[in-house]
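Below is one structure, written out as structure tokens; comments come after it.
The values are calculated or read from the model by the stated rules, or taken from the named source; none is laboratory data. All figures in this text were calculated on a predicted structure; none of them were measured in a lab. Methodologically, a virtual Cβ is constructed for each residue, glycine included, from the backbone with ideal geometry; neighbour enumeration extends over all protein chains shown.
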Amino acid sequence: MATLKEELAELAKVEGILSAVVISRDGFVLDGVNANSKLDQDAVGAVVSASIGSSERMGLELQVGGLSHMLLECEQGIIAVNLLGHDAVLATVADARANIGIVRYQTKKHLPAIQAAL
């Protein structure tokens, strides 16, 4: 079985992905890989964990259920967030050249192995 770092490195090989980081629900980085990026993984952990609570609350308040995946399209890229059970989160940051469909597909494809490596 591959390590968490190895699984994240595989995901980070997808064209356009800048960073793949696994974060505890309280914002601590458990492991991460940057691909051609100097993105601060601790900053990723902090801002992603802060946004999860309000996003979960929004889903519940609007009666569409609990959060499983969050996708943000920004001016210069995308941020995909996937819950890994109750204790961890995968955050994938990609630049503007990334194909959003491929990022979603590859993230979903790698999720079981990333969860198993936790």
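Looking across the stretch 13-37, the residues that are part of a loop (DSSP other than H, G, I, E, B) and out of contact with any Leu (no Cβ under 9 Å at 6 or more places or on another chain) come down to K13, V14, E15, G16, D26, G27, F28. Once the stretch 48-70 is narrowed to residues that are more than 21 Å from K108 (Cα to Cα) and among the charged types (D, E, K, R), the residue that is surrounded by the most Cβ atoms within 10 Å (Cβ to Cβ) is R57. Taken over the stretch 56-84, the criterion of being among the small types (G, A, S), outside any strand (DSSP E or B) and in contact with a helix residue (DSSP H, G or I) (Cβ under 7 Å, 6 or more places away or on another chain) is satisfied by G65, G66. With respect to the conditions (1) within 14 Å of the chain's Cα centre (by Cα); (2) surrounded by fewer than 19 Cβ atoms within 10 Å (Cβ to Cβ), G45 falls short on a single one, namely (2).
Of all residues in the stretch 87-109, one or more are assigned to a loop (DSSP other than H, G, I, E, B) and either farther than 19 Å from N36 by Cβ or modelled with pLDDT of 95 or more (or both).
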